[in-house]
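Student: Shown below is the structure under consideration.
The values are calculated or read from the model by the stated rules, or taken from the named source; none is laboratory data. The structure displayed is predicted, hence computed values, not measured ones. Here the Cβ is made from the backbone with ideal geometry for all residues, glycine too, and neighbour counts use every protein chain on show. Note: areas computed on protein heavy atoms with side chains; ligands, DNA, RNA excluded. Shrake-Rupley method; radii C 1.70, N 1.55, O 1.52, S 1.80 Å.
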Amino acid sequence: NYWVQNHAGRDDYSRIADMGRAFDSSAANLKSETDAVLDIDNWMRVLAYQALTGTADTYNNGLAHNLLFYVRPDTGRKVMIFPWDVDHAFYDSPTQSIYGRASHRASDVVDIAQNNRSYCGHLLHLCNTGFNPSYIAEWVSHYNQVAELPIAGHYTQWITDRRNHVLARLNSEHPPVEFHITTNGGNDFSVATPAAQIRGDGWIDVRDIVLARSGEPLSVTWLDANTWQVAVPLLSGENLISLSATDHDGKEVGSDTITVTNTGSIEPASAGNLVISEIMYHPADPGAAEIAAGFSDADEFEFIELRNIGSRTIELGGAAFSNGIPYTFPNTQLLPGAATLLVRNQAAFDLRYGPGAAVAGEYGDP
C-alpha cells in the first residue's frame, strides 16, 4: 500500500506509522493526535479541492487510493498529502455533498469543528479564485481546441452549477459572521499582566488575524467554528489593540479595536527593552580534558547572552528567534539590568565556563 518514492534507502515509514496510529485514536484524542502528525491546513485544502472538483478516483470520493504522502523535513515532520491521478474529475453530480461521497477516517478529522471551518474556508477561497466560470472559461476553451472535443459548454456549466451549490451549502452551514472582538463585550478593560487573551468571532473567510502595530499575524486558536482567541502582548499603560482579519490572499475582510490597559509592573520583551549583549560564536577548540569529557566539537561551547535594558521587569515567554537558532522562551521573567543565557550544550557550558550562570535553556542544533 505504501511505496517510498524518494530516499528509499532510509526505509523509514515511522511517520506514516505515526499517522496510522493517529487515525486509529479515540474520538476524544483524534484532534490532538492528528494535529501532532498531520499538516492539517494542507489536508483540508486537498480534500476540499477533490470534493469540489468531483474527482471520483481518489480517497475521499469513492476509492481509498491515489494520494501521495509527503513527510515534511522541518520541525514536527508533519505529513502532507498531494493529489494524484486526477483525470477522472467532474464526475459527480454538481449537487454532490461538499465533503465528497465516501465515508472514511479522514471524514472524522474534517468533522472536527476547527478543521471543518478550515475545510470550508478553503472551499470558499477556491470558489472565489480558480473555480468559477469567468476564470475557467479561457482554460476550457484552450483544452477544447487542443483536444478537438466539444466539451467547453459542458464543463463551464458543470463548474457553474457546482460552484453555486457549494456556496449555498457554505452559507447554510456557516452563516456569515462579522469579524469582531467579544472579550468584555467588546469594551475596553484592564489587566495586570504583560499579555491579554482576546477573543472574538469571525467567518470562514478569515485566515489570519494581524496585529496592526507590528503588521505580523498573531498565533490564532480557533475554539470552534466561529470563535477565535489570540494572545496580545501589552506594554505598560494603555494599549490600543487594532486587529485586522485577512483572507487567504491577504486581503482585509474585517477589523476591530479595543483598548487594554496593563496596570502591572511587567511588560513583554520588545526591541525597546531586550538586546543580545554577547554572542560566543566559534569558540576555541576543546582541550584535552574537555575531549575526555566527551566534548570534541567546539560548537558545543557556544552561547548567547540577552539583557534587559529597560526599567521594568520583562516577560520573555513566547519570544522566539525567527532565524539562526531554534528556540522559543518558556514563561521567563527578567529583571531590569539582568541577563540570561541560551547555551548550545549545558554540560559543555558548565565544564568550560563554570556552573551557576543564569541559563534559560539549550537551543540545540540550528
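Student: Check whether at least one residue in the range 92-114 is touching a Phe, Trp or Tyr at 6+ places or on another chain (Cβ under 6 Å) and under 23 Å from residue 252 (Cα atoms), and report yes or no.
Tutor: yes
Student: Give, as residue ranges, the strands (runs of 3 or more DSSP E) completely inside the range 157-276 that count at least 3 residues that are farther than 30 Å from residue 99 by Cβ and either at pLDDT below 95 or in contact with a strand residue (DSSP E or B) (Cβ under 8 Å, 6 or more places away or on another chain) (or both).
Tutor: 189-191, 195-201, 227-233, 237-246, 252-262, 266-268
Student: Something else about it: Inside the range 215-230, can you point out the residues that are within 16 Å of the chain's Cα centre (by Cα) and open to solvent by less than 50 Å² (accessible area, probe 1.4 Å)?
Tutor: Selection gives 218, 220, 222, 228, 229, 230.
Student: Hydrophobic (A, V, I, L, M, F, W, C) and surrounded by fewer than 19 Cβ atoms within 10 Å (Cβ to Cβ): is that true of residue 168 in this structure?
Tutor: The answer is yes for residue 168.
Student: Scanning the range 86-134 for residues that are among the aromatic types (Phe, Trp, Tyr) and at pLDDT below 90, which turns out nearest to residue 46 (Cα to Cα)?
Tutor: Among those that are among the aromatic types (Phe, Trp, Tyr) and at pLDDT below 90, it is 90.
Student: Taking residue 134, is it touching a helix residue (DSSP H, G or I) at 6+ places or on another chain (Cβ under 7 Å), on the phi < 0 side of the Ramachandran plot, among the small types (Gly, Ala, Ser) and in a helix (DSSP H, G or I)?
Tutor: Criteria not met by residue 134.
Student: Exactly one of these conditions fails for residue 12: (1) in contact (Cβ under 8 Å) with a residue 24 or more places away in the chain; (2) part of a loop (DSSP other than H, G, I, E, B). Give me its number.
Tutor: Here residue 12 meets the rest and fails (1).
Student: Mind listing whichever residues of the range 277-298 are assigned to a helix (DSSP H, G or I) and either under 21 Å from residue 325 (Cα atoms) or not β-branched (Val, Ile, Thr) (or both)?
Tutor: Passing the criteria: 288, 289, 290, 292, 298.
Student: Return the residues of the range 187-205 that are under 19 Å from residue 218 (Cα atoms) and not hydroxyl-bearing (Ser, Thr, Tyr); say none if nothing qualifies.
Tutor: Scanning the range 187-205 gives 194, 195, 196, 197, 198, 199, 200, 201, 202, 203, 204, 205.
Student: Within the set of pairs 6+ apart or on separate chains, which have a first residue in the range 154-177 that is touching a residue at least 40 places away in the same chain (Cβ under 8 Å) and more than 18 Å from residue 130 (Cβ to Cβ), a second that is among the polar types (S, T, N, Q) and open to solvent by less than 60 Å² (accessible area, probe 1.4 Å), and C-beta atoms under 9 Å apart?
Tutor: Correct list of pairs: 169/97; 173/116; 174/116; 174/226; 177/226.
Student: Considering only residues that are farther than 15 Å from residue 316 by Cα, more than 32 Å from the chain's Cα centre (by Cα) and small (Gly, Ala, Ser), which ones fall in the range 334-366?
Tutor: Once the filter is applied, which keeps residues that are farther than 15 Å from residue 316 by Cα, more than 32 Å from the chain's Cα centre (by Cα) and small (Gly, Ala, Ser), the range 334-366 yields 347, 348, 354, 356, 357.
Student: For the list (1) in a helix (DSSP H, G or I); (2) touching a residue at least 24 places away in the same chain (Cβ under 8 Å); (3) surrounded by fewer than 17 Cβ atoms within 10 Å (Cβ to Cβ), I need the number of the one condition that residue 123 fails.
Tutor: (3) is the only condition that residue 123 fails.
Student: Same structure again: For the range 279-315, which positions are of a type in the set (D, E, K, R) and in contact (Cβ under 8 Å) with a residue 60 or more places away in the chain?
Tutor: 290, 312, 315
Student: Return the residue satisfying two criteria in turn: it lies in the range 332-349 and is without any contact (Cβ under 8 Å) to a residue 40 or more places away in the chain and open to solvent by less than 50 Å² (accessible area, probe 1.4 Å), and of such residues it is nearest to residue 74 (Cα to Cα).
Tutor: 342
Student: On the basis of being touching a residue at least 60 places away in the same chain (Cβ under 8 Å) and surrounded by fewer than 15 Cβ atoms within 10 Å (Cβ to Cβ), does residue 212 make the cut?
Tutor: no
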